[in-house]
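What follows draws every value from the coordinates through simple rules; no lab data is involved. Please read these numbers as outputs of a predicted model, since none were measured by experiment. Neighbour counts run over all protein chains shown; Cβ positions are idealised from the backbone, glycine included.
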RNA sequence: GGUUCCGUAGCUCAGUUGGACAGAGCAACAGCCUUCUAAGCUGUGGGUCGCGCGUUCGAAUCGCGCCGGAAUCACCA
């Protein structure tokens with residue numbers, strides 16, 4: 001339409017893309033905005049005159065529009081209130097408002113996340129991984145993708161043997177039952193013990209005059225761990241039995257942590273079953289001349305034409321390395337499921353690895369190589385700097401969740417909330433609020449950025465936090481309980497004020513946010529949108545009397561808006577994996 | 001040194017494909033609970049968007065060059 005307006009006014013034909021239309025900023029009057037600057041060369045008059053001419057034309061030619069204004073070269077068009085009202089009475093009622101249905105034709109997305117090691121418990125970094133993976137899955141599902149969540153457990157290797165060895169030598173037969181420790185924590189304890197003993201032996205050797213580097217490779221405990229790994233690979237029954245027992249402890253522990261975090265998987269892969277994969281593919285690549293063999297028999301890929309160096313794919317003894325495995329698992333998964341895309345939620349420390357993986361697969365001529373996507377996320381750092389397991393500055397996942405919940409409890413008691421509820425009801429809400437605070441804190445940050453986690457500050461429940469949004473929801477539910485048995489329909493006679501229109505406009509942003517969030521695999525868009533919406537609602541709540549407006553029509557209109565906000569907050573928080581309490 | 005990413009208020013973070021005076025929260029100070037939940041609301045102070053050049057009617061956003069920080073560049077996974 002704008003194109004015609006320009007043609008009628010100044011008799012020039014312009015391209016569609018020269019007309020820029022965007023949503024009007026919330027602090028200006030209007031609903032959508034036309035930027036007139038690009039048109040000035042055609043109109044040959046001031047931005048104001050151009051805008052007015054365009055605005056008048058638009059008004060004359062559209063019934064949807066009720067007015068316009070021009071501010072500094074921005075033409076703001078106002079959509080008639082009647083039109084908003086029709087929207088409000090229409091699809092906002094849909095149960096899964098804003099969601100694209102998943103059907104047979106939907107793209108298949110495989111998403112791998114979590115991928116823990118079985119030698120120690122989960123920490124804060126894993127929490128970011130799990131929350132991201134879970135939330136991105138939900139968001140992609142909401143925007144019409146068929147999603148399959150998979151976990152790849154790193155259950156073998158020298159680090160696993162370290163815990164096993166230490167337990168064998170010094171464990172005195174301790175089990176989760178005898179110690180009352182969570183399985184993963186018990187195993188983690190022995191991993192730390194191994195490290196301490198290893199360090200001590202290095203120091204001792206250095207004291208005796210050994211060069212440090214040599215001491216690091218020749219410390220007796222390390223040799224024993226290597227020997228244990230060798231036995232494991234040769235299927236030594238004793239080692240395998242120990243391995244299975246200790247891993248099962250860890251799995252019990254992980255299961256608990258996952259449940260608490262609210263994450264789940266459709267399928268779990270174990271590296272002990274996949275670590276030999278990829279070898280045949282690499283050999284085939286060698287045969288086709290894609291890779292080359294060194295004199296010692298090891299196989300390499302030359303990535304110099306991509307600006308990278310050479311990468312090992314098979315060791316001289318013919319065994320697989322990490323890269324080989326990923327080539328194998330990707331290949332296997334594609335053959336099994338024929339995914340349309342495969343997302344790996346893995347920390348940015350492995351950017352290089354995934355860069356190489358994509359190139360290697362491409363070199364081998366797999367068309368699906370470009371369907372792999374590395375969702376790389378930044379490190380979680382503490383105010384004092386990086387988390388170091390050696391220095392004991394790791395924030396344990398279970399401890400952190402405990403702390404968040406107990407803070408929610410004391411905070412709530414201090415505020416004198418929930419006094420008339422039973423202990424059990426309160427516990428549920430404390431859990432929801434504590435976890436909500438943690439999840440929101442992590443997910444509101446752009447995944448690719450490193451983030452700082454201050455244990456003291458992040459238990460704050462005021463401001464831009466999960467509990468604030470949960471609180472908003474509880475308020476909404478409270479309003480609905482009091483006024484909403486039968487929500488009166490609005491007939492359109494009642495004028496909508498600026499705040500109401502502004503809220504309705506925000507509601508219609510939601511589907512767009514979901515799609516954008518899905519496209520960029522970035523839950524923080526949803527998180528920040530929900531905060532804006534919640535803040536807007538709280539202002540509305542404070543300034544307007546929802547249940548005792550001027551007339552029944554107005555009450556009905558406001559209740560409709562409140563109800564819709566409630567639906568969106570609930571559904572949006574669900575996309576973040578955050579529960580919303582009915583009251584708090 | 002190569003590659004990738006980041007740099008916005010004292011602190012933690014937003015800022016959709018370039019657009020209206022750069023926004024929140026926390027912290028500080030000052031107000032608001034006889035009315036639908038005060039985990040709330042209102043106000044005040046606080047910025048050379050790391051630095052410079054360029055493209056553009058217009059740059060926090062795009063390009064180039066610096067400066068600062070992170071990750072990675074293992075026959076570990």
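Mind grabbing the base-10 log of I(q)/I(0) for region A:9-158 at q = 0.11, 0.12 Å⁻¹? Debye formula, identical points on the C-alpha positions, no solvent, two decimal places.
So the normalised log intensities are -0.72, -0.76.
Which FRET efficiency, nearest 0.05, do residue A:199 and residue A:393 yield, Cβ-Cβ r, R0 22 Å?
It comes to 0.85.
Find how many whole Å separate the alpha carbon centroid of region A:522-584 from the alpha carbon centroid of region A:112-157.
30 Å
What Kirkwood radius, in Å to one decimal, follows from the Cα pairs of region A:211-257?
The Cα-based Kirkwood calculation yields 12.5 Å.
What shape does region A:122-239 take by its C-alpha gyration tensor, where a ≥ b ≥ c are the square roots of the eigenvalues and a/c under 1.5 counts as rounded, a/b above b/c as prolate, and the rest as oblate?
In terms of gyration-tensor shape, prolate.
Roughly speaking, what is the stretch gain from residue A:283 to residue A:27, that is 0.36 nm per residue apart minus the C-alpha to C-alpha distance, in nm to one decimal?
The span from residue A:283 to residue A:27 would gain 85.9 nm if fully extended.
For region A:426-584, which semi-axes, largest first and in whole Å, follow from the square roots of 5 times the eigenvalues of its Cα gyration tensor?
Semi-axis lengths for region A:426-584 are 30, 18, 12 Å.
Compute the length gained on full extension between residue A:481 and residue A:241: take 0.36 nm times their separation in residues and subtract their Cα-Cα distance, giving the result in nm to one decimal.
Result: 80.6 nm gained on full extension.
Give the Kirkwood hydrodynamic radius (Å, one decimal) of region A:271-365, defined as one over the mean of 1/r across all pairs of different Cα atoms.
For region A:271-365, inverting the mean 1/r across all distinct Cα pairs yields 13.8 Å.
Once you have the alpha carbon radius of gyration of region A:222-303, what is it after dividing by 2.2 N^0.38 Å, with N set to its residue count?
Normalised by 2.2 N^0.38 Å, the Cα Rg of region A:222-303 equals 1.59.
How much of the calculated P(r) for region A:178-285 lies past 19 Å, in percent of all Cα pairs?
Result: 65 percent of Cα pairs exceed 19 Å.
Taking every pair of Cα atoms in region A:143-197, average 1/r, invert it to obtain the Kirkwood radius, and report Rg/Rh to two decimals.
1.23
Along the Cα→Cβ direction, 7 angstrom out, place labels at residue A:158 and residue A:100. What is the inter-label distance in nm?
About 4.7 nm, to one decimal.
Starting from the Cα of residue A:574, step 7 Å along the direction of its Cβ; do the same at residue A:7; then give the gap between the two resulting points in nm.
4.6 nm
Could you give the nm distance between label points at residue A:255 and residue A:449, where each point is 7 Å from its Cα heading toward the beta carbon?
3.9 nm
Would you report the distance distribution of C-alpha pairs in region A:300-424 as whole percents per 5 angstrom bin, up to the bin with the largest distance?
2, 8, 13, 13, 12, 9, 9, 10, 7, 5, 5, 3, 2, 1
Hey, with R₀ at 25 Å, roughly what FRET efficiency would residue A:545 and residue A:64 work out to, going by the Cβ-Cβ distance, to 0.05?
Calculated value: 0.25.
Ranking A:454, A:326 by Cβ neighbours within 10 Å, fewest first, what do you get?
Ascending Cβ contact count within 10 Å gives the list A:454, A:326.
Nearest 0.05, what FRET efficiency do residue A:174 and residue A:293 give at R0 = 51 Å with Cβ-Cβ as r?
Here the calculated transfer efficiency is 0.60.
Please report Rg over Rh for region A:400-445, where both radii come from the alpha carbon positions and Rh follows the Kirkwood definition.
In region A:400-445, Rg relative to Rh is 1.02.
Please compute the length gained on full extension between residue A:425 and residue A:83, using 0.36 nm multiplied by the number of residues separating them and subtracting their Cα-Cα distance.
The residue A:425-residue A:83 span can extend by a further 118.8 nm.
I'd like to know how chain A sits against the 2.2 N^0.38 Å rule of thumb: what's its Cα Rg over that expected value?
Against the empirical 2.2 N^0.38 Å value, I get 1.20 for chain A.
How many percent of DSSP beta bridges within chain A run antiparallel, rounded to 5?
50 percent
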